[in-house]
Amino acid sequence: MSLYTFIKFLHILSAIIAIGFNFSYAVWTARAKKAKEHTLFALKGIKALDDWLANPSYILSLITGHIMVWMTGMNILKVSWLLYAEFTFALMGIVGFGFYSPVLRKQIKTLQQQGIDSAAYKAVDKKQTRIGFTLFVLALVLLVLMVFKPMWQSNSLALYSC
């Protein structure tokens, strides 16, 4: 196995882990809504998965992706699907670290202090759901870009198979 193939394997594996765990959050929250006594456990589980598995996996996928770009000599600014993927990834980072994580922390704290039926909890839960959905859509866009590698520039067709 070549070094490139190994790095590509790590890249794909880390993306599967990151996106897979992120998609599971909807299942966790849906189950918690049906069994309200388990909501705190579900939210803390989501927080742990996000902090210890999903986010580190996203970082590993970014690192391995950049290594593959460097190894192949591609120019991110000249390969449209890479450029849009970089932009989408950056946007995910901003939304995830800047909004989702703080709102999730606030949601847990509000649940512990005021309870699941409080107006404050319901408001933060609604906000977390909107932000989570936004991240879900961005992750799907990123996945489409990575899998289909749509080309909007004719001079980058030779790089299509990377």
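The values are calculated or read from the model by the stated rules, or taken from the named source; none is laboratory data. The model shown is predicted, which means the values in this text are computed figures rather than measured ones. Counting neighbours? That spans all protein chains shown, and the Cβs are built from the backbone with ideal geometry, glycine included.
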- Reported set for the range 120-150 where residues are hydrophobic (A, V, I, L, M, F, W, C), surrounded by 16 or more Cβ atoms within 10 Å (Cβ to Cβ) and within 16 Å of Leu43 (Cα to Cα) is Val124, Ile131
- Task: Considering each residue of the range 50-59, count those that are over 12 Å from the mean Cα position of the chain (by Cα) and either closer than 16 Å to Leu91 by Cα or among the aliphatic types (A, V, I, L, M) (or both), and give that number.
- Result: 0
- Note on the structure: Every listed condition ((1) over 20 Å from Ser24 (Cβ atoms); (2) without any contact (Cβ under 8 Å) to a residue 40 or more places away in the chain) holds for Thr72 save (2)
- Would you call Trp81 out of contact with any helix residue (DSSP H, G or I) (no Cβ under 6 Å at 6 or more places or on another chain) and among the hydrophobic types (A, V, I, L, M, F, W, C)? no
- Item | Residue list for the range 49-81, restricted to those being loosely packed, with under 15 Cβ neighbours inside 10 Å, at pLDDT below 95 and either within 21 Å of Leu135 (Cβ to Cβ) or of a type in the set (Lys, Arg) (or both) | Lys78
- Message: Checking Arg31 against (1) over 23 Å from Met146 (Cα atoms); (2) surrounded by fewer than 17 Cβ atoms within 10 Å (Cβ to Cβ); (3) touching a residue at least 40 places away in the same chain (Cβ under 8 Å); (4) in contact with a helix residue (DSSP H, G or I) (Cβ under 9 Å, 6 or more places away or on another chain): exactly one of these is not met. Which one?
- Response: (3)
- Message: Please pick out the residue among Ser161, Ser156 that is on the phi < 0 side of the Ramachandran plot, modelled with pLDDT under 95 and not in a loop (DSSP other than H, G, I, E, B).
- Response: Ser156
- Task: Report, by residue number, each residue of the range 34-52 that is free of Cβ contacts under 8 Å to residues at least 60 places away in the same chain and within 19 Å of Pro102 (Cβ to Cβ).
- Result: Ala42, Gly45, Ile46, Ala48, Leu49, Asp50, Asp51, Trp52
- Task: Would you confirm whether any residue within the range 99-115 is closer than 30 Å to Ile7 by Cβ and modelled with pLDDT of 95 or more?
- Result: yes
